[in-house]
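Colleague: Submitted below is the structure of interest, expressed as structure tokens.
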Amino acid sequence: MTTEELYADAAGRFTFVLDPSTQIFGAGVSAVQPVEGVWRLSAHDFSGNQHHGEGVFRLLPDAPSTAHYCAVGMTEAVEPITRVRLGAIDSVSAVDSTAGYEDFTARSTAVTAGSTCPIALQGRAQFAFQANTYTVFVDWNRNGILDEEGEVYSAGALLGSTGQDGMEVNYPIEVPAGAAQGPTRMCVLKVWSPSSFALYWPGGACGAYRWGQVEDYTLQVTRSEAIFASGFEEGLAAPTVDKRFSAATVPLNTPTGLTITLSNPNATPATLSADLVDAFPSGLVSAANASTTCTGGAGLLQTGSSVTLRAGAAIPASGSCTIDVQVAAVTAGELVDTIPAGSLVTELGSHDADAAATLTAQAP
Ligand SMILES: [Ca+2]
Ligand SMILES: [Ca+2]
């Protein structure tokens, strides 16, 4: 952030630039660098009107991947994690370690999607009155980002442990049913808190913390053996299709919006393995160019009487995307536009109910 005066542009927007000269300090974080992680920006109005606002944003690496996780470490003193147990992992490490980060990714265990895996954590506090919080991050969707929704576990806190007295945090880690298969990064972060009355819980797996330690492990995620006859694995929920017109009743030859919403309840994106075609009923025609928020693939294909989302497009994990098209009725009466069950085919399953919407076109 510059130290010069800042002026809004004609639209009233400010641009703040975080760079290595930006001086930023915060509770539990002493980063001068704009490190990757969760940030909160708070603005106050000094004119006496008591206006203020704030928002949370995240700094991410340019190209997050499982080959490049953001850096995390300790800037002050190392207070080690001394033992981590989860499944086949029983990882004992030095109580007097001086490494803020310990790479134990070679230590791994198998976990099954949809199961619960208890984790037990031990570590050393500098003083008997000191509390430490233990936070576990798991990159369940294997996208190179460790601290998304459903990937952060505030596992517990210990007060004044020596790291060798058997005191431990116990927490049940629930492996999401939709977790991606394969080697998956787990990060354990232990950080100092002023006391057990003021526990500090990190929100992000990136950045520079002051006192504590970080250890990385590998979870080998497998899905359960049960396979449905359709070839889709148990534990996955099929994507759904919803469609609606902007207006229920319109005059003839008057454009109105048609929105098709594709939703995916799974923790991994659902990629279309076949074209999704919405063939309009007789009497309904395209009135303007269609657009979509579904990314990937070859985009949309539009004709006068249909719109198609091409194979390769993806519905975001635990989210949805839409296809929007302006249509108009050229014949009067009730026009029912249906996408039959099974038309949306993705690698995570097909939708299992007809999606229909009715437009009533009124003759003048
Ligand atoms: Ca350790
Ligand atoms: Ca992730």
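The values are calculated or read from the model by the stated rules, or taken from the named source; none is laboratory data. In this text, all values refer to a predicted model and were calculated from it rather than measured experimentally. Positions of Cβ are backbone-derived with ideal geometry, glycine not excepted, and every protein chain shown enters the neighbour counts.
Colleague: Those residues that are hydrophobic (A, V, I, L, M, F, W, C) and either surrounded by fewer than 16 Cβ atoms within 10 Å (Cβ to Cβ) or in the same structural domain as N264 (by TED's automatic domain parsing) (or both), I need them from the range 168-198; list them, please.
Modeller: F197, A198
Colleague: While we're on this one: Restricting the first residue to the range 323-346 and requiring it to be assigned by TED's automatic domain parsing to the domain that holds A287, which pairs with a second residue that is aromatic (F, W, Y) meet a Cβ separation below 9 Å and a spacing of at least six or different chains?
Modeller: Correct list of pairs: V327/F245; V327/F280; L335/F280; D337/F245; D337/F280.
Colleague: Considering (1) over 23 Å from G73 (Cβ atoms); (2) away from ligand 2 (no atom under 14 Å from the Cβ), say which one E215 fails and leave the rest.
Modeller: Here E215 clears every test but (1).
Colleague: Consider Y134 carefully, then state whether it is in the same structural domain as V191 (by TED's automatic domain parsing), in contact (Cβ under 8 Å) with a residue 40 or more places away in the chain and either of a type in the set (S, T, N, Q) or under 30 Å from A317 (Cβ atoms) (or both). If you could, list the steps in order and put the result at the bottom.
Modeller: Details: in the same structural domain as V191 (by TED's automatic domain parsing): yes; in contact (Cβ under 8 Å) with a residue 40 or more places away in the chain: yes; either of a type in the set (S, T, N, Q) or under 30 Å from A317 (Cβ atoms) (or both): yes.
Criteria met by Y134.
Colleague: I'd like the full set of residues that are of a type in the set (V, I, T) and within 16 Å of ligand 1 (Cβ to nearest atom), limited to the range 134-148.
Modeller: Those that are of a type in the set (V, I, T) and within 16 Å of ligand 1 (Cβ to nearest atom): T135, V136.
Colleague: Got at least one residue in the range 74-91 being surrounded by fewer than 18 Cβ atoms within 10 Å (Cβ to Cβ), under 25 Å from G166 (Cβ atoms) and touching an Asp or Glu at 6+ places or on another chain (Cβ under 6 Å)?
Modeller: No: the range 74-91 contains no residue that is surrounded by fewer than 18 Cβ atoms within 10 Å (Cβ to Cβ), under 25 Å from G166 (Cβ atoms) and touching an Asp or Glu at 6+ places or on another chain (Cβ under 6 Å).
Colleague: Suppose we keep only residues that are among the polar types (S, T, N, Q) and more than 16 Å from ligand 1 (Cβ to nearest atom) within the range 97-132. Which one would you say is farthest from L236 (Cα to Cα)?
Modeller: Q130
Colleague: What is the number of the single condition among (1) of a type in the set (S, T, Y); (2) more than 23 Å from the chain's Cα centre (by Cα); (3) closer than 20 Å to V72 by Cβ; (4) buried (at least 18 other Cβ atoms within 10 Å of the Cβ) that Y101 does not meet?
Modeller: Among (1) of a type in the set (S, T, Y); (2) more than 23 Å from the chain's Cα centre (by Cα); (3) closer than 20 Å to V72 by Cβ; (4) buried (at least 18 other Cβ atoms within 10 Å of the Cβ), Y101 violates only (4).
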